[in-house]
Amino acid sequence: MTRRIKKIVGVTAMLILLIGGATSASEPGTQESNGDDPIRIHIKPLPEGVSRVFLTSSIDGRRRFELVSTDGTVERLDSEAFAQRLYTGQTGKPWFYRLLNISSPVGFAWVLLGLLGQVLFTGRMVLQWLTSEKAKRSVVPVGFWWMSLAGASMLLAYFIWRRDVVGVLGQSAGWLIYVRNLWLIYYPESNRSESI
C-alpha cells in the first residue's frame, strides 16, 4: 500500500474510533446509585432542553430516569412521569417533526442534509445508467464519483449526528473508494510508479 492510502486509512480509523468514543454509554455513576452503573438511553428526539437520559437504580432498588439538561441540572423521574414527559413533548409538535423524529428546526436541517445526500447518491446511479445507454456500453463517468463523494460526505455527517454506527461505517468505507477513484482519474501519471 502506498503512504497516501495508509494515511487515508489511518485518518478514517481514527475518526471512527473518535465517533465511537463520543457515542459510548459509559458515564460516571450518580450519588444515589446502589453500585450499578447508569445506562445511557438513546432517545431521538430528546425532550426539550435535555442533553442526555440515563436509566439508574436508586438506593431502594427502584429504577429511575435521570434527565441531564443542557445547563447540567439533573431531573429524576419514575417511569410514569418520564412517559408523561415524552408524551407531552411530542403531542405539541407538528406532524412532520414526529414523522422525521426531530425536535427542532436544527434537526429539520440535518434531515434535509441527509435527504440531499441520498438524492445525490441515487442520482449517481441514474447518471451512470444514462451515460451507459448513450454510449451503448457500460461506462462510469467522472460525475458518478463526484456525486458518490458528495452524497457519502453528506450522509456521513447525517449519520454522525444521528449516532448511527452502521451508517457511519458504511459511508466511511465507500468514501475511501470514491476518493481513490478520483485520485486515479486526476493523477494517472503518479499511479503508474506506485504499486498497490
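Data overview
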read-out	value
SER172 vs. criteria of a type in the set (Ser, Thr, Tyr), without any contact (Cβ under 8 Å) to a residue 40 or more places away in the chain, assigned to a helix (DSSP H, G or I) and farther than 22 Å from ASN101 by Cα	no
From the options SER153, SER195, SER148, residue that is loosely packed, with under 13 Cβ neighbours inside 10 Å and either modelled with pLDDT under 90 or not basic (Lys, Arg) (or both)	SER195
Boolean, THR56 is more than 23 Å from LEU156 (Cα to Cα), crowded, with 17+ Cβ neighbours inside 10 Å and in contact with a strand residue (DSSP E or B) (Cβ under 9 Å, 6 or more places away or on another chain)	yes
Residue under evaluation ILE160, criteria (1) within 15 Å of the chain's Cα centre (by Cα); (2) farther than 30 Å from THR88 by Cα; (3) β-branched (Val, Ile, Thr), criterion not met	(2)
Odd one out for VAL50, checked against (1) exposed (fewer than 13 other Cβ atoms within 10 Å of the Cβ); (2) in contact with a strand residue (DSSP E or B) (Cβ under 9 Å, 6 or more places away or on another chain)	(1)
Within the stretch 46-67, considering residues that are of a type outside the set (Ser, Thr, Tyr), under 22 Å from the mean Cα position of the chain (by Cα) and part of a strand (DSSP E or B), the one farthest from ASN101 (Cα to Cα)	PHE54
Residue pairs meeting the criteria (Cβ under 7 Å; at least 6 apart or on separate chains; first not assigned by TED's automatic domain parsing to the domain that holds LEU115, in the stretch 141-169; second of a type outside the set (Ser, Thr, Tyr) and in a helix (DSSP H, G or I))	none
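The values are calculated or read from the model by the stated rules, or taken from the named source; none is laboratory data. Keep in mind the model is a prediction, meaning the values are calculated, not measured. FYI the Cβ positions are ideal-geometry reconstructions off the backbone, even for glycines, and counts take in every protein chain you see.
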